[in-house]
Amino acid sequence: MSKTYNIFISHSWEYSDAYDLLCKMLNEKSCFFYNNHSVPKDDPIHTNGTDKQLNIAITNKMSNCHIVLIMAGKYSTYSKWINKEIDIAKNDFLRAKPIVGIKPWANKQISSVVKDNADVIVGWNTNSIVQAIKDYSL
């Protein structure tokens with residue numbers, strides 16, 4: 001029986017097309033099962049909540065996750081929330097959540113913040129991403 005992975009995908013809502021494509025890639029991977037615990041763009045906490053409410057929501061969503069995936073585009077360096085999500089993953093739990101940085105498709109430069117905090121950086125490739133999830137999950 002295959003394990004079902006609880007995953008938090010950290011992403012910029014301004015670049016939700018990459019998030020959507022990543023979810024599609026994971027959904028289409030045969031014999032791979034996961035639950036997505038991310039905060040979607042249309043979540044009421046994002047659209048109507050305060051920063052404190054969003055911080056609590058992210059912490060709650062991440063609490064039962066085996067791993068955190070982060071899009072490692074250069075924009076991640078300057079994203080307030082991606083930086084907070086890294087901090088939550090590393091510091092808000094008894095055991096830090098492993099972080100997989102994912103290089104954007106055909107991009108040579110990646111976020112230094114993600115690079116410095118990720119347990120592993122993988123390319124934009126379904127097999128590489130899934131293998132990292134399996135190798136690094138709690």
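Quick note: the coordinates plus some simple rules give every number you see, no bench work behind them. Predicted model, so just to flag it, every value in this text is computed and none were measured. Positions of Cβ are generated from backbone atoms using ideal geometry, with glycine treated the same way; all protein chains shown enter the neighbour counts.
Here are a few things to note about the model shown:
- Partner lysines whose Cα lies under 25 Å from the Cα of Lys52, excluding those fewer than 8 positions away in the same chain, are identified as Lys41, Lys61, Lys80, Lys84, Lys90, Lys97.
- Annotation for Ser128 and Ala96: the two label points, set 7 Å from Cα along the Cα-Cβ direction, are 2.3 nm apart.
- A straight chain from Ser30 to Ala106 at 0.36 nm per residue would run longer than the Cα-Cα distance by 24.9 nm.
- The ranking of Leu26, Leu54, Leu21, Leu69 by Cβ neighbour count inside 10 Å, starting from the fewest, reads Leu21, Leu54, Leu26, Leu69.
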